[in-house]
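Here is the structure we will look at, set down as structure tokens.
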2 protein chains.
Amino acid sequence: MNNFIFNNPTKIIFGRNTIIQIGEELKKLGIYKVLFLYGGNSIKNNGTYEQVRNSLINHNIEFIEHSGVQPNPILTHTEIGIDLCKENGVTAILAVGGGSVIDEAKAIAAGAYLPNLWDAYAGKVKVTQALPIFTILTISGTGSEMNGSSVLTNSETEQKWFISAHCLFPKISIINPSVMRTLPWNQTVNGGIDAISHTLENYVMGKDQEISISIQESIFKSIISALDNLQIDKNNYESRASLAWASTIALNGIAGAGMGGGDWAVHRIEHALSAIRPDIAHGTGLAIIFPAYLKFVYEFNKVHLDRFAKNVWNCDSFEEAIETMKAKYKSWGSAISLSELNIEENQFSAIAKKALEQTEIGKLKNLSNEDVIEILKIAF
Amino acid sequence: MNNFIFNNPTKIIFGRNTIIQIGEELKKLGIYKVLFLYGGNSIKNNGTYEQVRNSLINHNIEFIEHSGVQPNPILTHTEIGIDLCKENGVTAILAVGGGSVIDEAKAIAAGAYLPNLWDAYAGKVKVTQALPIFTILTISGTGSEMNGSSVLTNSETEQKWFISAHCLFPKISIINPSVMRTLPWNQTVNGGIDAISHTLENYVMGKDQEISISIQESIFKSIISALDNLQIDKNNYESRASLAWASTIALNGIAGAGMGGGDWAVHRIEHALSAIRPDIAHGTGLAIIFPAYLKFVYEFNKVHLDRFAKNVWNCDSFEEAIETMKAKYKSWGSAISLSELNIEENQFSAIAKKALEQTEIGKLKNLSNEDVIEILKIAF
């Protein structure tokens, strides 16, 4: 068990009929003007928009709407949000949506106090101040509702980078699994695979952190079983709830306790991939790269990855487990190879270069440019 | 999954060489005078006292010592602590020890703002204000280092009651598993059984909260394996760490998420038992009563308790699992029957009466006076 600090101040309000509480919660904290941030029409179609709007109006909370957040949120849209905050004197950001909306909310919250927001994502300045953030989660997966991290894309430079700061933890996140039953199936799957992948980034570093490893295995198995159930019945509330909460704790500090911060090489490779091909959903990219990466690093943590094969996939061999994992992802409808997405082999070196652009990657095995290309080949 | 709120603001600093950080952490928060609360000589013998003292002195933090906290902390000693706070104008409580010391710290912290502290434990007034609490944990088990609850004994009335409030969550808790290797074996065991029992209080309510149930099973298995390892080698750091962190998350809101608040009947019965016989350690009382209680309520949650038998004890039948559980507790050196503690059958009705004195008990099955006596008979 590596030394660690756990310090997660986000208040989670979880369950049915919880969205309407947002107005009262904001009022209790003395907040009367928010930027209401969301993506497209999905929150209007599933009734969330109306519930939020009514709750705000009923509690005399003014709101400036800023919609159109993209699945991979981008800097230019964020900058418009920052300007809206400044022009209107809002005192908090209310993000209603999934991880992308929440990530952009964090960017706006930090950007309200920075002369140049991208400098923070580029690691040139530290984020020490932010507007308070509140979230209503409508799709689980990223875990952004209960951590201080945000990923943003600079379309101009094709860079997808992240920031992390204590002031970016949402004050309150409301998670109502019921609203997630209206999601398209592929989004449910991508969210689940994203959360499995967050857990894997810690799991690959596993050695002797028994309680954390065991909890990670609980997360894997709960998500797999929830997705299997939801594929049969998308209205299964218990499976929606299990998937949602498992996804939150996958990245709120609990699953990663004592894991030395995790590896995160696969996320960096995937960010490079989806920076070049923004149409690829994060979860899909992870579904393709993670099995390939596990094969590549197997020899560096054999005993532990054999445990993964046995405890999570009920397989006698690691090879068999990876095939089972890929077959499971495929059975949920996910792509499991780069070739399916029409990525060409001649793009590998550009992806590898981008993955290594900001800093070194890979803790279990420090990855060279050639290593990343090799992983992409396995994933092809 | 029942609706739930998770809101745990305690900052955990976990691992080796962490105790010396206390002075700096207090200084960062502008705290310069604390009540330094502890039990007996164990923190002096294992070097913790010296480390804390030096860290406080090095950061110019004044401290008033208040030692002699008992294993079941009592009201009269707490009241002396409250007077010390008032007389000396301390602005925070620093608890160094196990759950008893932390529980008394919470009592003192709340008592500093109340005309009559026992009124709060008696449920007559609400705790809304408290001095900030900091803890250095030297024995794991109660989970008090990361929650807002406190159990206190009124020796005069033989009442062992509890309070719970958001302001009683410690601001910072430092957990260094290394110091726990100096504990007497029976204290390590009692702490582990206490944490298993906290988890069981939620587990018995299990139905369809898959992720939480699975995490609870991780906690059971990690603690069992840690205690087995520590019985062979008390210096096994990884097992100390796994036991410590599993005990913390057993009662910090994670293991109980969506479980409807848990049952807690067994804790109430144990509190009644140890109110009458304060020499009985809480963990020992739980080791005896829980298996008996599980037998008594089996028919009310059969499918789930069969899962418990299989997943936790690797047994085909529930009956066999309970015998395995008792044998395991016994192998660690714990008492597993009331008769071993020289409790007489004619004391059962007094214990039952006391258990039911404050409110009703039992959610899975509402327990009558006769039910409690029946459970005690099984535990005899």
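If you take every DSSP beta bridge fully contained in the protein assembly as shown, what fraction is antiparallel? Give it as a percent rounded to 5. Could the numbers behind the result be given before it?
Details: 18 of 66 bridges.
Taking every DSSP beta bridge within the protein assembly as shown, about 25 percent pair in antiparallel fashion.
If R0 is taken as 45 Å, the Cβ-Cβ distance between B:Thr182 and A:Asp279 corresponds to a FRET efficiency of 0.15. Computed from backbone phi with θ = phi - 60° and the Karplus coefficients 6.51, -1.76 and 1.60, the 3J(HN,Hα) list for segment A:128-144 is 10, 9, 7, 5, x, 10, 10, 9, 10, 8, 10, 8, 8, x, 6, x, 4 Hz; x is used for glycine and proline.
Assign one of three labels to segment B:185-379, namely rounded, prolate or oblate, based on the Cα gyration tensor with a ≥ b ≥ c the square roots of its eigenvalues; rounded applies when a/c is under 1.5, prolate when it is not and a/b is larger than b/c, and oblate otherwise.
Values: a/c = 1.59, a/b = 1.20, b/c = 1.32.
It is oblate, given that a/c is not under 1.5 and a/b is not larger than b/c.
Its Cα gyration tensor gives chain A an equivalent ellipsoid, and the semi-axes of that ellipsoid, as √(5λ) in whole Å with the largest first, are 33, 23, 19. Could you give, in nm with one decimal, how far B:Ser349 is from each other copy of that position, shortest first, with labels 7 Å out from Cα toward Cβ? For B:Ser349, the inter-copy label distances come out at 9.1 nm.
Segment A:315-380 and segment A:268-305 have Cα centres spaced 4 Å apart. B:Lys44: which aspartates and glutamates have alpha carbons under 15 Å from its alpha carbon, excluding same-chain residues fewer than 8 sequence positions away? Reachable aspartates and glutamates: B:Glu65.
Within segment A:42-104, the ratio Rg/Rh, alpha carbon atoms throughout and Rh by Kirkwood, equals 0.96. In the assembly of identical copies, B:Gln21 has its label point, taken 7 Å from Cα in the direction of the beta carbon, separated from the corresponding points by 3.1 nm (ascending, one decimal). Measuring gaps between exposed loop sites in chain A (trypsin sites (Lys or Arg not before Pro); DSSP loop; at most 14 other Cβ atoms within 10 Å), the longest gap, sites not included, is A:127-380. Taking a threshold of 23 Å on the Cα-Cα distance, which of the pairs B:Lys295/B:Lys326; A:Lys221/B:Lys365; A:Lys33/A:Lys124; B:Lys11/B:Lys106 fall above it? Exceeds cut-off: A:Lys221/B:Lys365; A:Lys33/A:Lys124.
Look at the dipole of chain A built from charges on Cβ: of A:Pro9, A:Val204, A:Val127, the Cα furthest out on the positive end belongs to A:Pro9.
If each residue's Cβ is checked for other Cβ atoms within 10 Å, how do B:Thr10, B:Thr188, A:Thr128 rank with the fewest at the top? Before the final figure, lay out the partial values.
On the way: B:Thr10 22, B:Thr188 26, A:Thr128 12.
By the 10 Å Cβ count, ascending: A:Thr128, B:Thr10, B:Thr188.
Between this copy and the others, label points of B:Phe380 are 7.7 nm apart in ascending order, each placed 7 angstrom from Cα in the Cβ direction.
Counting only other chains, and only Cβ atoms inside 10 Å, what mean value do you get across the residues of A:246-254? The partial results should precede the final answer.
Details: counts 5, 1, 3, 7, 1, 0, 2, 1, 5.
Going residue by residue through A:246-254 and averaging, the value is 3.
Using all pairs of distinct alpha-carbon atoms, the Kirkwood hydrodynamic radius of the protein assembly as shown works out to 27.2 angstrom. Amide H to amide H distances under 5 Å link A:Gly260 with A:Asn2, where only residues 5 or more positions off or on other chains count and H is placed in the peptide plane. Peptide B:204-217 shows a mean partner chain C-beta count of 6 within 10 Å per residue C-beta.
Listing A:Ile80, B:Ile196 from the residue with the fewest other Cβ atoms within 10 Å to the one with the most, what is the order?
Details: A:Ile80 12, B:Ile196 28.
So the residues, fewest neighbours to most, are A:Ile80, B:Ile196.
3J(HN,Hα) along segment A:99-109: x, 5, 5, 5, 4, 5, 4, 5, 4, 5, 4 Hz, from the Karplus curve 6.51 cos²θ - 1.76 cosθ + 1.60 with θ = phi - 60°, whole Hz, x for Gly and Pro.
Looking at the P(r) of segment B:11-178, how many percent of alpha-carbon pairs lie beyond 30 Å? In whole percent, the long-distance tail amounts to 9.
Across peptide B:220-228, the average count of Cβ atoms from other chains found within 10 Å of a residue's Cβ is 2. Taking amide H as placed 1.01 Å from N in the peptide plane, the amide H of B:Ser67 sits under 5 Å from that of B:Tyr38, each at least 5 places away or on another chain.
Enumerate by residue number the chymotrypsin sites (Phe, Trp or Tyr not before Pro) in segment A:77-181 meeting two conditions: DSSP loop (anything except H, G, I, E, B), and at most 15 other Cβ atoms within 10 Å of the site's Cβ.
Details: sites: A:Tyr113, A:Trp118, A:Tyr121, A:Phe134, A:Trp161, A:Phe162; in loops: A:Tyr113.
Listed in order of number, the matching sites are A:Tyr113.
For segment B:52-67, putting each phi into the Karplus relation 6.51 cos²θ - 1.76 cosθ + 1.60 with θ = phi - 60° gives couplings of 5, 4, 4, 5, 5, 4, 4, 10, 6, 9, 6, 9, 9, 7, 9, 9 Hz, in residue order, rounded to whole numbers and with x for Gly and Pro. Classify segment B:171-301 from the C-alpha gyration tensor, please: rounded if a/c falls under 1.5, else prolate or oblate depending on whether a/b exceeds b/c. Verdict is oblate for segment B:171-301. The distance linking segment A:167-200 with segment B:24-88 is 43 Å (Cα centroid to Cα centroid, whole angstrom). Across chain A, the mean sequence separation of Cα contacts (distance under 8 Å, 6 or more residues apart), normalised by length, yields a relative contact order of 16 percent.
In this structure the amide hydrogen of B:Lys11, modeled in the peptide plane, comes within under 5 Å of the amide hydrogens of B:Ile172, B:Ser173, none closer than 5 places in sequence on its chain. Put simply, the C-alpha atoms of segment B:270-379 give a gyration tensor, and the ellipsoid matching it has half-axes of 24, 18, 10 Å, longest first.
Cut-off is 10 Å between beta-carbons; in what order do A:His77, B:His166 appear when sorted fewest neighbours first?
Numbers: A:His77 20, B:His166 13.
Ranked by crowding around the Cβ, least crowded first: B:His166, A:His77.
For segment B:251-325, rounded, prolate or oblate, judged on the Cα gyration tensor with a ≥ b ≥ c (square roots of eigenvalues), a/c < 1.5 rounded, else prolate if a/b > b/c? It is oblate, given that a/c is not under 1.5 and a/b is not larger than b/c.
Antiparallel beta bridges, as assigned by DSSP with both residues in chain B, represent about 20 percent of the total such bridges.
Values in this text are rule-based calculations from the coordinates and carry no lab data. No experiment lies behind these values; they were computed from the predicted model shown. As a convention, Cβ positions derive from the backbone with ideal geometry for all residues, glycine included, and neighbour counts pool all protein chains shown.
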